[in-house]
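*Asks:* Dropping the structure in here first, questions after.
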Amino acid sequence: MQNNIIKSIVGFSLSSWIGMIIGLISIPLLTRLLDPGQYAIINQFISAVNLIMSFVCLGLDSGLVRYYFEPPEGFTSKQLITKIMILCFILIAIATIALSPFRSFLGRKIIGSESYYAFIFLFLAVFAQLVIRLFTVQYRMQNAI
């Protein structure tokens with residue numbers, strides 16, 4: 001019983017430990033290999049992705065945790081995650097359309113140049129992060145480490 005609990009704790013925290021180890025290795029390497037300006041651009045891009053993610057998610061990832069085992073009337077857990085994903089994808093599309101007139105401004109602020117590709121990759125990264133976050137929550141709730 002106790003061994004099973006320890007195995008479960010290690011399994012659920014494994015991704016955090018791996019992320020910490022990769023961070024401990026990669027940050028000193030990146031600060032030595034990259035010019036400080038390049039490193040700043042990467043950090044600004046990641047910060048922009050995280051900021052947009054907070055608006056696009058609207059706390060629905062936390063709602064999935066709350067309602068996964070007790071979904072609202074008429075929903076199953078699978079339908080709940082599907083509805084949340086669809087709503088978040090719609091919000092990403094709205095954010096992309098709403099911010100597209102400001103793409104050159106965002107490009108200058110995030111990467112220092114008016115790149116159309118930076119704008120596209122920004123929202124592709126938001127989309128990827130959203131999918132990863134929702135599936136991570138789902139697999140954790142299913143106890144599928």
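*Asks:* Can you list the HN-Hα couplings for the range 58-70, worked out from phi with the Karplus curve (6.51, -1.76, 1.60; θ = phi - 60°), rounded to whole Hz and with x for Gly and Pro?
*Replies:* Result, ordered by residue: 6, x, 5, 5, 5, x, 5, 4, 5, 9, 5, 8, 10 Hz.
*Asks:* Moving on. On a 0 to 90° scale, report how tilted helix 36-57 is relative to the longest principal axis of the chain, with both axes built from alpha carbons and the result rounded to the nearest 10.
*Replies:* 50
*Asks:* Something else about it: May I ask you to give the percent of accessible area on the range 30-145 that is carbon plus sulfur, with a probe radius of 1.4 Å?
*Replies:* Heavy-atom surface of the range 30-145 belonging to carbon and sulfur, 1.4 Å probe: 66 percent.
*Asks:* Suppose every Lys and Arg Cβ carries +1 and every Asp and Glu Cβ carries -1, with no other charges. What dipole size does the range 1-112 come out with about its Cα centre, to the nearest 20 debye? Don't jump to the answer; show the numbers that get you there.
*Replies:* Details: 8 positive and 4 negative charges, 45 e Å.
Result for the range 1-112 is approximately 220 debye, rounded to the nearest 20.
*Asks:* Which whole-number value in Å² is the accessible area per residue of the range 62-145, probe 1.4 Å?
*Replies:* Per residue, the range 62-145 has 65 Å² of solvent-accessible surface.
*Asks:* With r defined as the distance between the Cβ atoms of ALA128 and ASN4 and R0 fixed at 25 Å, what FRET efficiency is calculated, to the nearest 0.05?
*Replies:* That pair, ALA128 with ASN4, gives E of 0.15.
*Asks:* A further question follows. Go ahead and collect, in residue order, the members of the range 30-65 whose backbone nitrogen is under 17 Å from a label point 7 Å along the Cα-Cβ direction of LEU87.
*Replies:* 53-65
*Asks:* Still on this structure, I have one more. Name the chymotrypsin sites (Phe, Trp or Tyr not before Pro) in the range 34-100 that are in a loop by DSSP and that have at most 10 other C-beta atoms within 10 Å, would you?
*Replies:* Passing sites in the range 34-100 are PHE69.
*Asks:* Could you quote the convex hull projected area for the range 55-107, Cα atoms only and averaged over all directions, in nm²?
*Replies:* 4.1
*Asks:* Hey, any idea what the orientation-averaged projected area of the convex hull of the range 12-75's Cα atoms comes to, in nm²? Could the numbers behind the result be given before it?
*Replies:* Working: hull surface 24.8 nm².
Spelled out: convex hull of the Cα atoms, projected over all directions, averaged, 6.2 nm².
*Asks:* If I stretch the segment between ASN143 and TYR116 completely, what's the gain in nm (0.36 nm per residue apart, minus their alpha carbon distance), one decimal?
*Replies:* Length difference between fully extended and current span is 5.6 nm.
*Asks:* Kindly provide log₁₀ I(q)/I(0) values, in the same order as q = 0.12, 0.17, 0.19 Å⁻¹, from the Debye equation applied to equal alpha-carbon scatterers of the range 71-145.
*Replies:* For the requested q values the scattering log ratios are -0.46, -0.73, -0.81.
*Asks:* Treat each spin label as a single point 7 Å out from the Cα along the C-beta direction, and report the GLU73 to TYR39 distance in nm.
*Replies:* Placing both labels 7 Å along Cα→Cβ, they lie 5.7 nm apart.
The values are calculated or read from the model by the stated rules, or taken from the named source; none is laboratory data. Quick caveat, the model's predicted, so the values are computed rather than measured. No Cβ is skipped: glycine too gets one built from the backbone with ideal geometry, and neighbour counts run over all protein chains shown. SASA here: full protein model, heavy atoms, side chains in, ligands and nucleic acids out. Shrake-Rupley method; radii C 1.70, N 1.55, O 1.52, S 1.80 Å.
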